[in-house]
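Presented below is the structure to which this report refers.
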Amino acid sequence: MIDLKGIIQRKIMNDEEERRRAKEELGSFHCSGLGYCARQIFLNKIHAKYFDLNIKGSMSVGSAIHHYIQWFKDIKDVCEVEVPLKYMIEGSEAFLVGSADLVAKDRSMVCDIKSINGLNYVFASPMAEHIVQVNTYLKCLDIQDGQILYVNKPNMEMVVHNIKYNEVIFQQTIMKVLTVFEALKRWENDGAFNNPIPFKPCGCWACRNETLHPDIIKLINKGE
């Protein structure tokens, strides 16, 4: 008998590993994670975060919803899908990379799709980290107007928020990236886990709920 469950679970786990390998270059920072605090960006760069199969499965469902929406014929008629971007930070070896979910063919708008469980927290306004992400896309693509499309996973109910490019937010994002990049270089030069993680939990949602890989925890404890 074919072990379909096993095949699917391995596929989910392997997809996540491929995304991790894509982040190997030290100076490469993915726009999708720049809305988080410096600690969380740092932990993602050293692959310290642990995601169990339930979380990875939820991520895979989210990816399926993305693809389902992106490939509607009516959307493809007016938008480009998964538009790649790269932004070199002046005076630094650090750079931003990523891809925008949807970009209007006339370059009038960027749209990012967010699949979530429940829309209660985004009816009034989008999440701050998502604003940062889309704002970064707008800068990289030289577009002024963006949208965040929230999709409720259980029933496909949607909420849309419009945002305008904000230069102050972008400059704050760049400063955070450069802070993390310099910390990464010092940390690696000093022998990585010979020293503690250079950023303490800040109290944000991601820090309060972070789960580190057990092997990473051992290394961190050894360094501290």
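Would you work out what percent of the accessible area of the stretch 73-224, with all protein chains in place, is carbon or sulfur (probe 1.4 Å)?
That share works out to 52 percent.
Label residue 178 and residue 128 with points 7 Å out from Cα along Cα→Cβ: what is the distance between them in nm?
2.2 nm
Consider a paramagnetic label point 7 Å from the Cα of residue 104 along Cα→Cβ; state which residues of the stretch 162-206 have an amide N under 20 Å from it.
Output list for this probe position: 162-167.
Quick check: net charge around residue 133, other residues with Cβ under 12 Å of its Cβ, Lys/Arg +1 and Asp/Glu -1?
The answer is -1.
If you stretched the chain out fully between residue 200 and residue 188, how much longer would it get, using 0.36 nm times the residue separation minus the C-alpha to C-alpha distance?
2.6 nm
Lys and Arg at +1, Asp and Glu at -1: add these up for the other residues within a Cβ distance under 15 Å of residue 85 and post the number.
That sum, taken over residues with Cβ under 15 Å, equals -2.
Return, for the Cα atoms of the stretch 135-190, the radius of gyration and Dmax in Å, separated by a comma.
16.7, 50
Restricting attention to the alpha-carbon atoms of the stretch 79-224, what are Rg (one decimal) and Dmax (integer), both in Å?
For the stretch 79-224, the Cα radius of gyration and maximum Cα-Cα distance read 18.2, 54 Å.
Rank by packing, highest mean first: peptides 124-137, 104-117, with packing defined as the count of other Cβ atoms within 10 Å averaged across residues.
The packing order, highest mean first, is 124-137, 104-117.
Taking the Cβ of residue 203 as the centre, find all other residues whose Cβ is under 14 Å away and add up their charges (Lys, Arg: +1; Asp, Glu: -1).
Summing Lys and Arg as +1 and Asp and Glu as -1 gives +2.
Might you report the magnitude of the Cβ-based charge dipole of the stretch 146-207 about its Cα centre, with Lys and Arg at +1 and Asp and Glu at -1, to the nearest 20 debye?
80 debye
Full-extension gain between residue 167 and residue 213, please, as 0.36 nm times their residue separation minus the C-alpha to C-alpha distance.
13.0 nm
The values are calculated or read from the model by the stated rules, or taken from the named source; none is laboratory data. Worth saying up front: this structure is predicted, and the values here are computed from it rather than measured. Cβ atoms come from the backbone with ideal geometry, glycine included; neighbour counts cover every protein chain shown. Accessible surface is based on the protein model in full, side chains and every heavy atom, while ligands, DNA and RNA are left aside. Shrake-Rupley method; radii C 1.70, N 1.55, O 1.52, S 1.80 Å.
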